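Here the structure comes first, spelled out in structure tokens, and everything after it is commentary.
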Amino acid sequence: MTIDVLTKVEIRRPRAEVAAFASDPNNATRWYRNIVSARPETSGPLEVGSRIAFEARFLGRRMAYTYEVVEIVPGERLVMSTAEGPFPMQTTYTFSDAPGGGTRMALRNRGGPSGILRLADPLMSVAVRRPATRDLRRLKAILEDRSGSSGSGSVPGFPRD
């Protein structure tokens, strides 16, 4: 079974601001609770071929993987993919205008477990959907609450573990 999880959120901030923040690897640890570190392996702005090394916690395990940008339309779409590790994945961010000047953001995770994680395949969609939903709520809180985006690393109601 291939996992295909789509989560969405509406954020009361301009699309350009939401897209810039969410697409910046330097902000990944602020809004993705399970991301321990994100380090660009290529210099300059994100473009097709840019690589970002991530370390994350997932299902009680630490894993390291490198995403490569496979498509980017600034302010509209970012697609990253990895074939590494026990969970090959493609992650897509899409941004569109919402009424009142806000932004609709969709986060889509597609892939499937390999190795021993394949045994848990039926539960993987839930294991991906729950944190993705929580991460989008966290992103919304950061961007809508100026005190949460001041660089403190904490957002009211969302402890950092």
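Given the criteria at pLDDT below 85 and exposed (fewer than 14 other Cβ atoms within 10 Å of the Cβ), does residue 126 qualify? It would help to see each step written out before you state the result.
Details: at pLDDT below 85: yes; exposed (fewer than 14 other Cβ atoms within 10 Å of the Cβ): yes.
The answer is yes for residue 126.
Could you grab me the full set of residues in region 11-46 that are open to solvent by 60 Å² or more (accessible area, probe 1.4 Å), of a type in the set (Lys, Arg) and more than 25 Å from residue 58 (Cβ to Cβ)?
Correct list: 12, 15.
Within region 1-99, which strands (runs of 3 or more DSSP E) (wholly inside it) include 2 or more residues that are touching a residue at least 40 places away in the same chain (Cβ under 8 Å) and of a type in the set (Val, Ile, Thr)?
The qualifying strands (runs of 3 or more DSSP E) are 3-11.
Please determine whether any residue of region 92-103 is among the β-branched types (Val, Ile, Thr), open to solvent by 60 Å² or more (accessible area, probe 1.4 Å) and over 13 Å from the mean Cα position of the chain (by Cα). Steps first, please.
Here is the first cut: in region 92-103, the ones among the β-branched types (Val, Ile, Thr) are 92, 94, 103.
Filter once more, keeping what is open to solvent by 60 Å² or more (accessible area, probe 1.4 Å): none.
Within region 92-103 (the criterion being among the β-branched types (Val, Ile, Thr), open to solvent by 60 Å² or more (accessible area, probe 1.4 Å) and over 13 Å from the mean Cα position of the chain (by Cα)), the answer is no, since none of the residues qualifies.
From the list 51, 13, 30, pick out the single residue that is more than 15 Å from the chain's Cα centre (by Cα) and not acidic (Asp, Glu). Spell out how you get there, then give the answer.
On the way: 51 fails: more than 15 Å from the chain's Cα centre (by Cα); 30 fails: more than 15 Å from the chain's Cα centre (by Cα).
Of 51, 13, 30, the one residue that is more than 15 Å from the chain's Cα centre (by Cα) and not acidic (Asp, Glu) is 13.
The values are calculated or read from the model by the stated rules, or taken from the named source; none is laboratory data. The shown structure was predicted, so the numbers you read here are calculated from the model rather than taken from an experiment. Cβ atoms come from the backbone with ideal geometry, glycine included; neighbour counts cover every protein chain shown. Just so you know, the surface numbers come from the protein's heavy atoms only, side chains and all, with ligands and any DNA or RNA stripped out. Shrake-Rupley method; radii C 1.70, N 1.55, O 1.52, S 1.80 Å.
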